[in-house]
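The block underneath contains the structure these notes are about, expressed in structure tokens.
The values are calculated or read from the model by the stated rules, or taken from the named source; none is laboratory data. Small disclaimer: the values here were computed from a predicted structure and weren't measured. Cβ placement follows ideal geometry from the backbone for every residue including glycine, while neighbour counts extend to all protein chains displayed.
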Amino acid sequence: MVEFKQILCPTDLSEASRPALSYAAAFAGWYHARLSILHVVPTFDAIAVPPAQLADPVQVIYPSTREDITAELRRQAETSGAAAVDPAIVAEAGDAVTVIVERALASSADLIVVGSHGRSGFNRLLHGSVAEQVLLKAPCPVLTVPPHAPATAPPDLLFRRILCAMDFSPGALQALGFALDLGRQADGVVTVLHALEWLAEEEPRVHAHFNVAEYRTYLIEDARERLETLLAPEARTWCQIDTVVAVGRPYRQVLQAAAERSADLIVMGAQGRGGFGLALNGSTTHQVVRAAACPVLTVRGARLAGEG
């Protein structure tokens, strides 16, 4: 059974990050989990700025103090409803990615909740940002929440319409387990989607050595059989399950299916094969997290030896 007991919510204190804090608080309340709210700054120390001219005085910049940031975190906890779960308030200095990952490891966090957009800190549209690095390096699942999500998360936090992207990789298989259990908890519907990316939408203009349309049909039917085999009969007693095989760019198919089904949550592996993995340069997970209208839960598969 999916349970979250230690939840970490990094925030850049922007308006866009507040829905994520609301979701983190709702998760903490629903699962009786411990919530930590974290803000990371480069330094708390005064910074001496060299003068432009030798005769000019040295300027000293004083960053926000730990006390100022802690007070702002407490204020945001109050306005988001997170204060009701008595969160731990943490302000740290250092490299944002390193601090977030180390804090997650130190607290044995089993979920990180972060906004998918924000100011130029760690939620910057995921273009090489700290958020993207957290998705890559997090030791636990990560829930990214778009800024247009409801400012207040549903009080029961039940996801009744879940879309799970499936490429049969270890990360996707683990994500499926999360999706099915969350669907069971909500007595909801889980749609499992597999996308065949490389097939051409049009027939080739030159003669091929095999029937392209027939081969496409074969691959679609084979994918359907793999999905049916994966979803053992007993799994279907947990919740209602639909399966979809689509042809096209995976991220587009995921976003389209989520919109058509008014999905409450998208679940996908943070690493994968083919189109569904998370890489630094425009992967499916990257594209989905950037454009999704609902929260996205990314789940890592088992780490390989030597993997960071």
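Among all positions in the range 38-45, there is no residue which is acidic (Asp, Glu) and modelled with pLDDT of 90 or more.
Go through the range 6-23 residue by residue and tally those that are touching a helix residue (DSSP H, G or I) at 6+ places or on another chain (Cβ under 7 Å) and closer than 16 Å to residue 112 by Cβ.
Of the residues in the range 6-23, 7 are touching a helix residue (DSSP H, G or I) at 6+ places or on another chain (Cβ under 7 Å) and closer than 16 Å to residue 112 by Cβ.
Does the range 46-63 contain at least one residue that is in contact with a helix residue (DSSP H, G or I) (Cβ under 8 Å, 6 or more places away or on another chain), more than 20 Å from residue 106 (Cα to Cα), modelled with pLDDT under 90 and part of a loop (DSSP other than H, G, I, E, B)? No; the residues of the range 46-63 include none that is in contact with a helix residue (DSSP H, G or I) (Cβ under 8 Å, 6 or more places away or on another chain), more than 20 Å from residue 106 (Cα to Cα), modelled with pLDDT under 90 and part of a loop (DSSP other than H, G, I, E, B). Among the residues of the range 75-93, those that are part of a helix (DSSP H, G or I) and surrounded by 15 or more Cβ atoms within 10 Å (Cβ to Cβ) comprise 76, 77, 80, 82, 83, 85.
Do we have residue 278 as surrounded by 15 or more Cβ atoms within 10 Å (Cβ to Cβ), modelled with pLDDT under 80 and assigned to a loop (DSSP other than H, G, I, E, B) here? Against the criterion (surrounded by 15 or more Cβ atoms within 10 Å (Cβ to Cβ), modelled with pLDDT under 80 and assigned to a loop (DSSP other than H, G, I, E, B)), residue 278 qualifies.
With respect to residue 119, determine if the residue is outside any helix (DSSP H, G or I), at pLDDT below 75 and farther than 18 Å from residue 69 by Cα. Here the answer is no, as residue 119 does not meet what is asked. Within the range 1-45, the set of residues being over 19 Å from residue 156 (Cβ atoms) and part of a strand (DSSP E or B) comprises 6, 8, 9, 10, 34, 36, 37, 38, 39, 40, 41.
One residue alone among 195, 175 is in contact with a strand residue (DSSP E or B) (Cβ under 6 Å, 6 or more places away or on another chain), crowded, with 18+ Cβ neighbours inside 10 Å, at pLDDT 80 or above and in a helix (DSSP H, G or I), and that residue is 175. Contact map, the range 210-229: first residue assigned by TED's automatic domain parsing to the domain that holds residue 191 and under 15 Å from residue 197 (Cα atoms), second residue in a helix (DSSP H, G or I) and among the hydrophobic types (A, V, I, L, M, F, W, C), Cβ cut-off under 6 Å, separation 6 or more or different chains; the map is empty.
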